[in-house]
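Accompanying notes for the structure given below.
The values are calculated or read from the model by the stated rules, or taken from the named source; none is laboratory data. Bear in mind the structure is a predicted one, so any value in this text is a computation, not a measurement. Cβ atoms come from the backbone with ideal geometry, glycine included; neighbour counts cover every protein chain shown. We work out accessible area using only protein heavy atoms, side chains counted, and drop any ligands, DNA or RNA first. Shrake-Rupley method; radii C 1.70, N 1.55, O 1.52, S 1.80 Å.
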Amino acid sequence: MIQRILLALSVLALSTQITQAQGAAGRLQSVLSGVPQLVFEGGEGPIIAGYGNGDAVRWIAVRGAQAGRNPNTPNRFAALRSAASLQRAVIEGTSDAEIRAAVGLTALDWVETWEVAQGAIRVGAMDIFPDSEMRLRGALFSNGMTEDQRGGAPVMWGGEADYAADPARVDPANPFGGDTGLPLRMAFLGDRAIWATGWAALDAVRAPSGANLASRPDAQTLLGGLRRVGNLGGVVSVRCWLRNGGALPISGAETTPVEALALADFANRETEGAALVLALAEGVDADAVAVRLRDAWPILSELPSPATPEITSGGGSITVTMQSDWGEDAAATNAAYDLFLNVLEGGRLGFLLNR
């Protein structure tokens, strides 16, 4: 009987890991599916989306601290690794005390979050708890925001004109667009806070209708590439960029055939993994580009590689995955993810893609 129970628990644990590992595509699809295309209708430039779950890495980072392999700041590690791209930049550049002073939140509050942005149009959501909601509301009141009822829910807001930056509102520690002085509208719905920099975006996400971002051809190709990712652990974050006539975060790749890009971060016990997906323009031979990428990979990064990547292609996309052990800092960062960032920023990948 004990053996049967242990076997059942093992199967359950394995199935949970597989669900988590395959969840990067599902998590991103859920985010994009919840945002109507009309939110960004007429907008120009890349659409940036991100999903994160700080709890996927928080307790792993605690174990790293207990082992003496990183500082005992697991909540900050979890926030940095899980926050959406634009929020991550704010968290990385400011202290926990400054963020709490700006919006009342601490690194512990970054649990399950998502954000989609195009220029000044930003919309997102995050888990909130009774104490974090109290701190958040208090900070917003202190910053002069007003509370009203809208659509049957309490909404706090500041800034008269939608999507219009105001230099007087700039606060580098405010991750909800405040770093550039954007207005804020935040609705409180039970254990979730939904926010946007304009009323139309807030209302559209609260009651989505019509074609959504996930139905875009570039998003579909990108999601197909993410579905090829194997079992790398629990999803810490997945971030994507849809070119949309603008530029992608690939140095020197302004004219390349890459139409969309995704990065995913995974953690599992004492291993970490990452995935990089390139969605190519229609008609481009993904298999041929993948061959060139495999040949050139050893020289694309200036960082030492923690493992050998697996590179696959199909359906108009290329998927690069990598898995390794914790590394020296034990979950404070993800060496494979950082390597992918270095590849994107180094310029050699852009040169390769331009050939």
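If you go through region 320-354 and keep only what is over 19 Å from the mean Cα position of the chain (by Cα) and more than 30 Å from Ala67 (Cβ to Cβ), you end up with Gly346, Gly347, Arg348, Leu349, Gly350, Phe351, Leu352, Leu353, Asn354.
Taking helices (runs of 4 or more DSSP H) as the structural unit, those lying wholly within region 65-145 and holding at least 1 residues that are closer than 30 Å to Ala214 by Cβ and free of Cβ contacts under 8 Å to residues at least 60 places away in the same chain correspond to 74-82, 85-93, 130-142. The number of residues in region 158-207 that are among the aromatic types (Phe, Trp, Tyr) and surrounded by fewer than 16 Cβ atoms within 10 Å (Cβ to Cβ) comes to 1.
Return a yes/no flag: does region 304-319 have any residue that is surrounded by fewer than 22 Cβ atoms within 10 Å (Cβ to Cβ), closer than 22 Å to Ala56 by Cβ and within 19 Å of the chain's Cα centre (by Cα). Checked region 304-319: no residue is surrounded by fewer than 22 Cβ atoms within 10 Å (Cβ to Cβ), closer than 22 Å to Ala56 by Cβ and within 19 Å of the chain's Cα centre (by Cα).
Do we find a residue being polar (S, T, N, Q), within 16 Å of Tyr51 (Cβ to Cβ) and buried (at least 17 other Cβ atoms within 10 Å of the Cβ) anywhere in region 91-112? Among the residues of region 91-112, not one is polar (S, T, N, Q), within 16 Å of Tyr51 (Cβ to Cβ) and buried (at least 17 other Cβ atoms within 10 Å of the Cβ), which makes the answer no. Filter region 52-64 down to residues that are without any contact (Cβ under 8 Å) to a residue 60 or more places away in the chain and open to solvent by 10 Å² or more (accessible area, probe 1.4 Å) and give me whichever is nearest to the chain's Cα centre (by Cα). The qualifying residue nearest to the chain's Cα centre (by Cα) is Asp55.
Inside region 65-90, residues that are among the aliphatic types (A, V, I, L, M), in contact with a strand residue (DSSP E or B) (Cβ under 7 Å, 6 or more places away or on another chain) and open to solvent by less than 10 Å² (accessible area, probe 1.4 Å) make up a count of 2. Take Thr256 and decide whether it is at negative phi, among the hydroxyl-bearing types (Ser, Thr, Tyr) and surrounded by 22 or more Cβ atoms within 10 Å (Cβ to Cβ). The answer is yes for Thr256.
Within region 208-222, the set of residues being open to solvent by less than 10 Å² (accessible area, probe 1.4 Å) and either acidic (Asp, Glu) or touching a Cys at 6+ places or on another chain (Cβ under 9 Å) (or both) comprises Ala219, Leu222. Out of the residues in region 320-355 that are over 22 Å from Glu282 (Cα atoms) and in a strand (DSSP E or B), which is most open to solvent (accessible area, probe 1.4 Å)? Across region 320-355, the extreme among qualifying residues is Asp325. Does Asn231 fit the bill of being surrounded by fewer than 17 Cβ atoms within 10 Å (Cβ to Cβ), closer than 23 Å to Asn53 by Cα and either among the polar types (S, T, N, Q) or under 17 Å from the mean Cα position of the chain (by Cα) (or both)? Judged against the criteria, Asn231 is a match. Of all residues in region 324-355, those that are touching a Lys or Arg at 6+ places or on another chain (Cβ under 8 Å) and under 23 Å from Thr255 (Cα atoms) total 2. Of the candidates Val116, Val155, the single residue that is surrounded by 17 or more Cβ atoms within 10 Å (Cβ to Cβ) and closer than 30 Å to Thr333 by Cα is Val116.
Check whether at least one residue in region 276-288 is touching a Gly at 6+ places or on another chain (Cβ under 6 Å), buried (at least 21 other Cβ atoms within 10 Å of the Cβ), within 21 Å of Gly64 (Cα to Cα) and touching a residue at least 12 places away in the same chain (Cβ under 8 Å), and report yes or no. No, every residue in region 276-288 fails to be touching a Gly at 6+ places or on another chain (Cβ under 6 Å), buried (at least 21 other Cβ atoms within 10 Å of the Cβ), within 21 Å of Gly64 (Cα to Cα) and touching a residue at least 12 places away in the same chain (Cβ under 8 Å). Cβ-Cβ contacts under 8 Å between residues 6 or more apart (or on different chains), taken from a first residue in region 169-187 that is over 17 Å from Ala83 (Cβ atoms) and without any contact (Cβ under 8 Å) to a residue 24 or more places away in the chain to a second residue that is part of a helix (DSSP H, G or I) and open to solvent by less than 10 Å² (accessible area, probe 1.4 Å), are listed as Arg169/Gly178; Val170/Gly178.
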